Amino acid sequence: MCNMKRSLSGIKPTGNLTLGNYIGALRGFKKVQEEYESFIFVADLHALTLPIDPQALRSNTKDIVAFYLAAGLDVNKTSIFLQSDVPAHSELNSILINYLYMGELSRMTQFKDKSAKMNHEAIGVGLFAYPVLMCADILLYQPDIVPVGEDQRQHVELCRDLVHRFNTRYSKEIFIMPKAVTPKVGARIMSLSDPTKKMSKSDPKGDIFLKDEPNVIRKKIMSAITDTGSDIFYDPENKPGISNLLQIYAALSDISIEEAQAKFKDIHQYGEFKKIVADKVLEELVPFQERYKEFLNNKTINDVLNAGKDKARYFANKTLTKVKKTVGLYVHE
Ligand code: AQP
């Protein structure tokens with residue numbers, strides 16, 4: 001058995017993946033698998049928390065697997081699987097839902113943001129309880145780290161509270177304490193049309209989609225909202241648009257914001273700056289898109305998912321059994 005530390009993360013197939021998903025999550029998964037035994041899943045059950053067309057859900061799911069492979073996930077290092085292929089996620093969810101509180105769940109930013117746009121009477125229970133399922137997703141694999149973008153940090157913090165509560169209640173280390181790991185640069189990519197808002201696949205205004213044609217990506221960057229000045233420096237409060245583009249450039253160049261800023265100190269035209277940012281985005285995304293198309297059209301996806309499912313079920317069932325015994329459920333052969 002492998003003694004490496006473990007990592008777990010996932011993406012929900014609610015729409016076309018964005019540059020935010022790429023920089024905040026996907027891009028980091030490849031690095032993580034070099035140091036951690038890695039589990040990466042498609043959070044398809046989470047996608048049901050808001051109404052979604054079944055056909056779109058299926059094709060988004062396949063897309064994400066192809067994106068994982070295109071991002072360089074190696075099936076010998078990372079188990080890639082579907083959440084719905086591992087029944088233990090739903091089973092652990094049924095247990096953990098009794099260990100989290102209404103007050104905690106109602107304070108989650110994602111729930112508040114998404115439900116604010118809805119008629120109170122029609123807010124789905126699944127949307128409210130989303131973080132419980134996310135706790136189950138994480139804890140089944142006993143990961144040391146959970147690589148996510150900044151918006152998911154709060155859910156991982158809630159999971160940490162749950163681990164503390166659960167382990168204390170049963171006076172045993174049933175769950176290992178997971179830690180959210182966000183990228184140093186690019187943990188919250190903002191919308192290009194409103195850089196005070198997160199770039200989000202379910203609110204697609206101002207998004208760069210990973211499937212956008214290169215000319216569309218360039219056009220979107222060239223018309224990104226900025227302020228009226230002409231100097232390039234990082235000031236998210238007063239220059240959110242320029243700061244967002246700097247962040248994108250720095251993240252894709254694997255340099256700090258300060259280094260990116262220094263690079264542009266002699267440029268005093270936003271147009272010239274945007275062109276360099278667009279070149280950088282395309283340099284990264286064009287080969288990525290080619291690999292994605294190859295994976296989407298060959299037959300490896302099902303094999304990858306079958307192998308991932310077997311490994312995930314093995315680990316998940318071990319944890320589930322341990323939890324069932326701990327809480328007093330009668331486990332028998
Ligand atoms: N704008 C972003 N910047 C950096 N990271 C981001 N992530 C999402 N948006 C950004 C990270 O991508 C991973 C997958 O996210 P998810 O699909 O689980 O859902 P989410 O966090 O709610 O992301 P979206 O794109 O906004 O989805 P919808 O619109 O469906 O709710 C996570 O690690 C997330 O932090």
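The values are calculated or read from the model by the stated rules, or taken from the named source; none is laboratory data. None of these values were measured; they are calculated from a predicted model. Reconstructed Cβ throughout: ideal geometry from the backbone, glycine too, with neighbour counts over all protein chains shown.
Which members of segment 97-131 meet the condition of being of a type in the set (Phe, Trp, Tyr) and either within 14 Å of the ligand (Cβ to nearest atom) or more than 22 Å from the chain's Cα centre (by Cα) (or both)? Correct list: Tyr99, Tyr101, Phe111, Tyr130.
Could you list, in sequence order, the residues of segment 292-310 that are under 20 Å from Val86 (Cα atoms) and either touching a Pro at 6+ places or on another chain (Cβ under 8 Å) or buried (at least 17 other Cβ atoms within 10 Å of the Cβ) (or both)? It would help to see each step written out before you state the result.
Here is the first cut: in segment 292-310, the ones under 20 Å from Val86 (Cα atoms) are 300-310.
Selection gives Ile301, Val304, Leu305, Gly308, Lys309.
Within segment 142-197, being more than 16 Å from the ligand (Cβ to nearest atom), part of a loop (DSSP other than H, G, I, E, B) and touching a Leu at 6+ places or on another chain (Cβ under 7 Å) holds for one residue alone: Phe175. Tell me, yes or no, whether segment 213-234 has at least one residue that is at pLDDT 95 or above, out of contact with any strand residue (DSSP E or B) (no Cβ under 7 Å at 6 or more places or on another chain), among the polar types (S, T, N, Q) and within 16 Å of the ligand (Cβ to nearest atom). No. Selection of segment 1-55 for residues being more than 12 Å from the ligand (Cβ to nearest atom) and part of a strand (DSSP E or B) yields Arg6, Ser7, Glu37, Ser38, Phe39. Here Ala71, Ala25 are screened, and the one residue that is within 12 Å of the chain's Cα centre (by Cα) and in contact (Cβ under 8 Å) with a residue 24 or more places away in the chain is Ala25.
The combined condition, being farther than 25 Å from Asp203 by Cα, assigned to a helix (DSSP H, G or I), at pLDDT 95 or above and not acidic (Asp, Glu), is not fulfilled by Ser59.
Would a scan of segment 180-195 turn up a residue that is over 30 Å from Lys274 (Cα atoms) and not assigned by TED's automatic domain parsing to the domain that holds Gln247? Checking segment 180-195: at least one residue is over 30 Å from Lys274 (Cα atoms) and not assigned by TED's automatic domain parsing to the domain that holds Gln247.
Of the listed requirements (1) crowded, with 22+ Cβ neighbours inside 10 Å; (2) touching a residue at least 60 places away in the same chain (Cβ under 8 Å), Ile145 misses just one: (1).
Restricting to segment 198-237, name every residue that is more than 29 Å from Lys114 (Cβ to Cβ), of a type outside the set (Gly, Ala, Ser) and part of a loop (DSSP other than H, G, I, E, B). Steps first, please.
Of segment 198-237, the ones more than 29 Å from Lys114 (Cβ to Cβ) are 213-215, 218-219, 222, 227-235.
Right, trim to of a type outside the set (Gly, Ala, Ser) and you get 213-215, 218-219, 222, 227-228, 231-235.
Scanning segment 198-237 gives Glu213, Asp227, Thr228, Asp231, Ile232, Phe233, Tyr234, Asp235.
Looking only at segment 155-175, count how many residues are surrounded by fewer than 17 Cβ atoms within 10 Å (Cβ to Cβ) and of a type outside the set (Phe, Trp, Tyr). Full working, then the answer.
Initial filter on segment 155-175 (surrounded by fewer than 17 Cβ atoms within 10 Å (Cβ to Cβ)): 157, 161, 164-165, 167-173.
This time we only want the ones that are of a type outside the set (Phe, Trp, Tyr), so: 157, 161, 164-165, 167-169, 171-173.
Going through segment 155-175 one residue at a time, the tally reaches 10.
State whether one or more residues within segment 247-266 are part of a helix (DSSP H, G or I), within 22 Å of the chain's Cα centre (by Cα) and among the polar types (S, T, N, Q). Within segment 247-266 (the criterion being part of a helix (DSSP H, G or I), within 22 Å of the chain's Cα centre (by Cα) and among the polar types (S, T, N, Q)), the answer is yes, since at least one residue qualifies.
Which residues, counting only those in segment 62-97, are part of a loop (DSSP other than H, G, I, E, B) and among the polar types (S, T, N, Q)? Give the derivation first.
Residues of segment 62-97 part of a loop (DSSP other than H, G, I, E, B): 71-77, 86-87, 97.
Matches in segment 62-97: Asn76 only.
Evaluation of Gly10 against the conditions (1) in contact with a strand residue (DSSP E or B) (Cβ under 6 Å, 6 or more places away or on another chain); (2) farther than 21 Å from Arg153 by Cβ shows that the sole unmet condition is (2).
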